Structures are given as C-alpha cells and as structure tokens.
Amino acid sequence: MGDIYRDLAGIGVEVSGVKPNRRADIERTILHATELVNFGDRRLLGFLASWIVVHGGLVSIGKIKHLIKTEKRGDRQVLSALAHIALENKFHVWKPLAGKFPQRVLWDSDNTRSALELRGSDPVLIKAGVRFPAGFLRIRTSDVLPIETLAKRHLQVRLRLIFGVNPRADAAFYLSFESLNANALKRRIGCSYEPANRIIREFREAGSLALPELNLQ
C-alpha cells in the first residue's frame, strides 16, 4: 500500500510522512487507487474524492478509458463513483465513466451495514451502486495542493496546464526523464502508434527533447 500513497502524494495529495513520487502518472495513480479502495484504509477513497473535487479537470478521460481497455486497469465501479463526484463538481468531462452497477457495500461488515441502516447510503456514491454510509466519506480540499503549488512540483501537471490535457503533454513528461521509442511511448501515454511516432519525430525536428525552464509565476 505504501507505493500508492507515494503516488498520491506525487500528484498533490498531502499524505503525512510520505515521500512523493514526482514521476507518478495521474491516470495510472487514480486507476491503481480504485483497485485498492476496498482493501486499504478508508482514507484512500477520501483522498481520491478530495483530489478530484480540486483537480478533476486535469484528468484525461480518454487515457483512462484506453488503460482500462488495454491494461485492464482499475475498479470500474469505484471509478464510476468518483465520476459521479466529479459531475457533482461540474467536471462534465467525467460523464462517460459515470456508469450504473449492481449495488455493492464497500468495506462490508456488520458495522458498515449497521451504519447504512442508521444513516442510509451516500447520495452520490449510490448513483454508481456503491453503498457507503452517508456522512462517512471525508472530502477535504485542504488535503490537496492548490494548482499553483502542484504545477511547480509535478511536471505532468505543469505540462498539461501549458499544452492541454493531451498526448503531447504526456509525451513531453515521459521523454523528459527516459528515452522511449514510439511503441514504448504509446503504452505510457495511452494512444496509438501513429500519434506517438509523430510526436517523437516532431520533438526531434525541434532540435531537442529538453524543455526550457519556465517561470509560471
């Protein structure tokens, strides 16, 4: 479980005592975390929800869909619950992920079911079929770095702010710290071979894969 908290810290969740992984990929971190939600401590769902409330517009939904299809990543129902949270916060780009599923109790136990009987289900999560006691999901935007700070600490975020949420921004992110051919790059950034190959060619034609230091203040 330690690696997921390092990755979450890397994309801007303030996790006490955890060294951030500054190379954490946003979509892979989200998908990996959804797989662990039902097996880790309950903070994980709150961290995910809090991050999405603050930074839901930074996410590439197309890349998430590609990774689900090609790498079989993520818990689709938990991801759907997060999508409904994103929609509640006006991040409408998440709508394709907001599906319906049979009802399922998270952290199923006698205590959880007693709380559900007493409080009912969270009104947003239940839209995805996720039964979780109302009032138990801790969403705290103070647990998440603001965009100005995050852009200085995580290159992928910085590049998306400059170039947009697209494969070119992610290509620059990955090529900034490792040499990749088109086949390897397409797997990293979640696209087909042709655009990955074109991006590498165009970066080389520009004379360098190194990015200039930019002052965003």
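The values are calculated or read from the model by the stated rules, or taken from the named source; none is laboratory data. None of the values given here were measured: they were computed from a predicted structure. Note that we place each Cβ from the backbone using ideal geometry, even for glycine, and neighbour counts take in every protein chain shown.
General remarks:
- Every residue from region 139-175 that is polar (S, T, N, Q) and either under 26 Å from residue 81 (Cα atoms) or assigned to a loop (DSSP other than H, G, I, E, B) (or both): 141, 142, 156, 166
- Looking across region 109-130, the residues that are closer than 22 Å to residue 83 by Cα and of a type in the set (D, E, K, R) come down to 122, 127.
- When residue 67 is tested against the conditions (1) surrounded by 13 or more Cβ atoms within 10 Å (Cβ to Cβ); (2) out of contact with any Phe, Trp or Tyr (no Cβ under 9 Å at 6 or more places or on another chain); (3) modelled with pLDDT of 95 or more, the lone failure is (3).
- Among the residues of region 5-20, those that are farther than 17 Å from residue 40 by Cβ and more than 13 Å from the chain's Cα centre (by Cα) comprise 14, 19, 20.
- Taking residues in region 75-93 that are over 17 Å from residue 31 (Cβ atoms), and partners anywhere that are surrounded by fewer than 18 Cβ atoms within 10 Å (Cβ to Cβ) and of a type in the set (Lys, Arg), the pairs with Cβ atoms closer than 9 Å and at least 6 places apart or on different chains are 87/95.
- Complete set of residues in region 18-47 that are assigned to a loop (DSSP other than H, G, I, E, B), surrounded by fewer than 19 Cβ atoms within 10 Å (Cβ to Cβ) and either assigned by TED's automatic domain parsing to the domain that holds residue 174 or among the small types (Gly, Ala, Ser) (or both): 40
- If the condition is being out of contact with any Leu (no Cβ under 8 Å at 6 or more places or on another chain), over 18 Å from residue 62 (Cα atoms) and either loosely packed, with under 15 Cβ neighbours inside 10 Å or assigned by TED's automatic domain parsing to the domain that holds residue 63 (or both), then region 155-197 contributes 177, 178, 179, 181, 183, 184.
- Contacts under 8 angstrom Cβ, first residue in region 176-189 being assigned to a helix (DSSP H, G or I), partner among the aromatic types (Phe, Trp, Tyr), 6 or more apart: 182/193; 183/193; 185/174; 186/193; 188/174; 189/174
- Any hit, region 4-17, residues being among the hydrophobic types (A, V, I, L, M, F, W, C), part of a helix (DSSP H, G or I) and in contact with a Gly (Cβ under 8 Å, 6 or more places away or on another chain): yes
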